[in-house]
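These notes concern the structure reproduced below.
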Amino acid sequence: MRSLRDRLLGVVVLALLVALWQIVANLKLVSPVYLPGPDRAFTALVHGLAASDLGAKLMGTIEHMIEGWLLASIAGIALGALIGASSQARAFIAPTLEFLRPLPASAIIPVAIAVFGLSPAMALGVIAFGAIWPMLLATIHGFAAVEPRLYEVAAALRLSRPAVIFKIALPSALPDILAGLRLGLTVALILAVVCEMIAGLNGLGNWVLLSARMFRSADLFAGVILLGAVGFVGALALNIAERRLLAWRAP
């Protein structure tokens, strides 16, 4: 009941914000050139999906986001497991990680453009670089924080190294890994939009940028609404996966 109540309150807050947006637009407190009402934005959204290429732009952004996120997930979890499970690996690799981690992904864009040009490969590299850090650091923390007694039990049972990883270390680190995956997906979406704007790639970032340059505010807000929907659906999917994968933690 509490969960249902919280969800209803969330819907009410969202409805109030949309109503406030409509009131501000109707009163023209902000020029309609820059702030269309939700009615105009919704009309532009429906028209863009039905009669324009907004649907193709949406799929382009989802493709860029998912590809970069998957690449970052595979590399981040594998490398994080290696570093987190070995104190020697942490000692050797930690200085390099501390050098690379503070670099903003935007600073890598010129390098990626020089190497790959204005291409989808450039976007893939930038998204993967930016999204890998939440997953990598979360995985390192998860594996490093495994209860030492569990390793003692594994030694007493004479479990093999793969068995220790998949039966003890990975389940213990899974909550941290899933948290890193959620943060990484958000970063991947942001960087996908940025790369689409800079490189002119097919996606919502390019749609939003061109709409802003042409003062098509309704189309711009339609693109922003879709971006919010993509982020919401992605977070919802990961929440469902987390509940199923961590069902063993439920009381």
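Per-peptide packing, taken as the mean over residues of other Cβ atoms within 10 Å, places 104-110, 75-81 in the sequence 75-81, 104-110 from highest down. With the dipole of the chain worked out from charges on the C-beta (+1 for Lys and Arg, -1 for Asp and Glu) around the Cα centre, which of 227, 118, 17 lies farthest toward the positive end? After comparing all options, I get 17.
Here the label points at residue 59 and residue 7, each 7 Å from Cα along the C-beta direction, are separated by 3.0 nm in the simple model.
Entry for region 3-132 at q = 0.10, 0.11, 0.21 Å⁻¹: log10 I(q)/I(0) = -0.64, -0.74, -1.12, Debye formula applied to identical alpha-carbon scatterers, no solvent contribution. Here the Kirkwood formula puts the hydrodynamic radius of region 81-228 at 17.8 Å, using every distinct Cα pair.
Residues 39, 219, 176 in ascending order of nearby Cβ atoms (within 10 Å, fewest first): 39, 176, 219. From most to least packed by mean Cβ count within 10 Å, the peptides 24-35, 54-65, 128-139 give 128-139, 54-65, 24-35. Computed from point charges on the beta carbon alone (+1 for Lys and Arg, -1 for Asp and Glu), the dipole magnitude for the chain about its Cα centre is near 560 Debye.
Note on the chain: Cα-only Rg and Dmax are 22.2, 74 Å.
Could you give the length gained by full extension between residue 70 and residue 27, i.e. 0.36 nm per residue of separation minus their alpha carbon distance, to one decimal place? Mind showing how you got there, number by number?
Values: separation 43, 0.36 × 43 = 15.48 nm, distance 4.54 nm.
Residue separation times 0.36 nm, minus the Cα-Cα distance, leaves 10.9 nm.
Only helical runs count toward this figure. For the chain, summing -39,500 (n - 2.57) over DSSP H runs of n ≥ 4 and dividing by all residues gives -27500 deg cm²/dmol at 222 nm.
Simple rule: put +1 on each Lys or Arg Cβ and -1 on each Asp or Glu Cβ in the chain, find the dipole, and look at 210, 245, 128; the Cα lying farthest toward the positive end is 245. Sorting the segments 230-238, 192-200 by their mean number of nearby beta carbons within 10 angstrom, highest to lowest, gives 192-200, 230-238.
All of the numbers you see were taken from the coordinates with simple rules; none came from a lab. Computed from a predicted model, the values in this text were never measured in an experiment. Here Cβ is always computed from backbone atoms with ideal geometry, including for glycine, and neighbour counts include all displayed protein chains.
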